[in-house]
Amino acid sequence: MQAAVFEGNGVLRVKDVPKPEIRKGNQVLLRVKAASICGSDLQALRVPPGQIIPPGTIMGHEFCGEVVEIGADVHNVKVGDYVVVDTSETCGICEPCRAGYSNLCENRTCYGQTGDGGFAEYAVMPAHLLYAVPRSIPPYLAAQAEPLACVLNGMTKINPTPTDRVVVYGAGPIGLTFIRLLSLYGVRQIAICQRSEGRRQLALDCGATLGIDPASQDVRETLLREWGAPADIVIDTAGAGNVPGEALGLLKFHGILLLFGGDQNVVSSLHPAELVWKELRVFGSFCAHNTFGMAIELLQNPDLGLEKFLSARMKLSEINEAMELLRSRKANRIVIYPDSQIEN
């Protein structure tokens with residue numbers, strides 16, 4: 001079969017590899033229908049990398065597929081089912097797992113990062129990581145179940161209300177997903193901080209009500225002028241620069257800073273006294289946490305609107321072209337079709 005294999009030092013190559021086979025009773029063979037490119041995929045392909053992936057790994061951790069074969073011990077799905085994949089595999093025995101925080105598993109692995117994933121015609125996955133979804137959810141949306149579930153984990157930490165003033169840093173796919181959800185939650189004042197004019201405008205089209213270029217505008221002064229008050233919540237989806245340090249100055253007392261973007265090469269500085277004086281709350285948000293069911297339900301809601309920032313649907317053979325479009329900010333969300341059956 002054809003697969004996109006990470007070969008190290010920023011190289012992703014589409015090539016022929018053996019079709020995977022079921023080797024354990026709990027495994028399922030999927031025909032991959034669609035796979036979405038994540039910002040962490042771009043980080044892994046940087047030199048030096050912002051995410052570590054072992055060479056030889058088939059990338060892609062946001063995907064959906066059709067069940068074509070099941071192991072002897074599989075009972076939760078059947079051949080012909082249409083499924084999405086929670087690609088995080090956890091151990092179940094470390095302290096975070098036993099405490100109910102399996103997303104923080106100390107022995108966590110991730111298909112598409114530490115094991116073979118969905119940038120391929122076929123993939124073998126453990127059955128317990130699969131969620132059946134209705135055929136009414138098109139593949140380009142089903143492939144976004146994993147990032148949507150991750151964003152929903154962040155939303156459960158901040159619990160926004162319609163009267164909150166929210167600032168979002170970064171108008172990539174994750175930032176825009178936050179904006180769509182904030183809009184769906186009824187939040188009426190959403191500011192987007194984004195240097196790219198095109199992405200800033202896209203964020204406004206997706207529901208942001210105020211666009212700010214942090215390279216040419218003073219963010220705090222702009223918020224006070226437009227809103228008359230500081231922010232209740234700041235969400236950093238970019239994970240770059242010194243956003244955490246800047247964000248503290250944008251928040252009102254008892255405000256919330258949510259850190260979502262993660263790049264292991266980025267180090268930020270902040271003013272601890274500001275946390276104390278305003279009794280601010282800072283949350284990190286990592287992966288999905290009991291939110292896949294919520295994501296699947298929301299994907300059936302036409303008001304969610306994730307298609308608003310879908311830039312392109314491309315074949316697996318075009319994946320490096322897709323990566324370059326994303327790197328150059330000429331595209332936002334791109335979905336890859338390993339079977340070349342691109343939807344209209």
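Would it be correct to say that Val67 is surrounded by fewer than 22 Cβ atoms within 10 Å (Cβ to Cβ), under 30 Å from Tyr101 (Cα atoms) and out of contact with any Ser or Thr (no Cβ under 8 Å at 6 or more places or on another chain)? Criteria met by Val67. Among the residues making up the range 22-38, those that are closer than 22 Å to Asn332 by Cβ and open to solvent by less than 40 Å² (accessible area, probe 1.4 Å) are Val32, Ala34, Ala35, Ser36, Ile37, Cys38. On inspection, His75 fails the criterion of being part of a helix (DSSP H, G or I) and within 17 Å of Gln27 (Cβ to Cβ).
In the range 124-147, what count of residues is obtained for those that are hydrophobic (A, V, I, L, M, F, W, C), buried (at least 22 other Cβ atoms within 10 Å of the Cβ), in contact with a Phe, Trp or Tyr (Cβ under 9 Å, 6 or more places away or on another chain) and part of a helix (DSSP H, G or I)? Final tally of qualifying residues: 2. For the range 253-286, the candidate set comprises residues that are touching a strand residue (DSSP E or B) at 6+ places or on another chain (Cβ under 8 Å) and touching a residue at least 60 places away in the same chain (Cβ under 8 Å); within that set, the residue that is surrounded by the fewest Cβ atoms within 10 Å (Cβ to Cβ) is Phe283.
Scanning the range 225-243 for residues that are β-branched (Val, Ile, Thr) and over 17 Å from Asn153 (Cα atoms) yields a single hit, Val243. Among the candidates Lys15, Lys19, the residue that is over 25 Å from Ala149 (Cβ atoms), open to solvent by 30 Å² or more (accessible area, probe 1.4 Å) and not in a loop (DSSP other than H, G, I, E, B) is uniquely Lys15. Selection within the range 78-94: residues that are of a type in the set (Val, Ile, Thr), assigned to a loop (DSSP other than H, G, I, E, B) and touching a helix residue (DSSP H, G or I) at 6+ places or on another chain (Cβ under 7 Å). The member of this set that is surrounded by the most Cβ atoms within 10 Å (Cβ to Cβ) is Thr87.
One line per residue, one yes/no per condition, for (1) touching a residue at least 40 places away in the same chain (Cβ under 8 Å); (2) farther than 19 Å from Ala3 by Cα; (3) touching an Asp or Glu at 6+ places or on another chain (Cβ under 7 Å):
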| position | (1), (2), (3) |
| --- | --- |
| Cys94 | no, yes, yes |
| Ala99 | no, yes, no |
| Gly112 | yes, no, no |
| Gly117 | yes, no, no |
| Glu121 | yes, no, yes |
| His128 | yes, yes, no |
| Pro134 | yes, yes, no |
| Ala142 | yes, yes, no |
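Within the range 313-341, being outside any helix (DSSP H, G or I) and either at pLDDT 95 or above or touching a Phe, Trp or Tyr at 6+ places or on another chain (Cβ under 9 Å) (or both) holds for Arg313, Met314, Lys315, Asn332, Arg333, Ile334, Val335, Ile336, Tyr337, Pro338.
Within the range 294-330, the residues that satisfy the criterion of being on the phi < 0 side of the Ramachandran plot, open to solvent by less than 10 Å² (accessible area, probe 1.4 Å) and of a type in the set (Gly, Ala, Ser) are Ala295, Ala322.
Of the listed requirements (1) assigned to a helix (DSSP H, G or I); (2) in contact (Cβ under 8 Å) with a residue 24 or more places away in the chain; (3) farther than 22 Å from Leu325 by Cβ, Ile174 misses just one: (3). Of the residues making up the range 195-250, those that are closer than 24 Å to Ala331 by Cβ, hydrophobic (A, V, I, L, M, F, W, C), touching a residue at least 60 places away in the same chain (Cβ under 8 Å) and open to solvent by less than 30 Å² (accessible area, probe 1.4 Å) are Cys206, Ile235, Val243.
Residues that are part of a helix (DSSP H, G or I) and in contact with a Phe, Trp or Tyr (Cβ under 9 Å, 6 or more places away or on another chain) were ranked within the range 220-246; the one that is farthest from His271 (Cα to Cα) is Val243.
The values are calculated or read from the model by the stated rules, or taken from the named source; none is laboratory data. Only a predicted model underlies this, so the values are computations on that prediction, with no experimental measurement involved. Neighbour counts are summed over all protein chains in view; Cβ atoms, including those assigned to glycine, are modelled from backbone coordinates with ideal geometry. Keep in mind that these areas ignore ligands, DNA and RNA; they rest on the heavy atoms of the full protein, side chains included. Shrake-Rupley method; radii C 1.70, N 1.55, O 1.52, S 1.80 Å.
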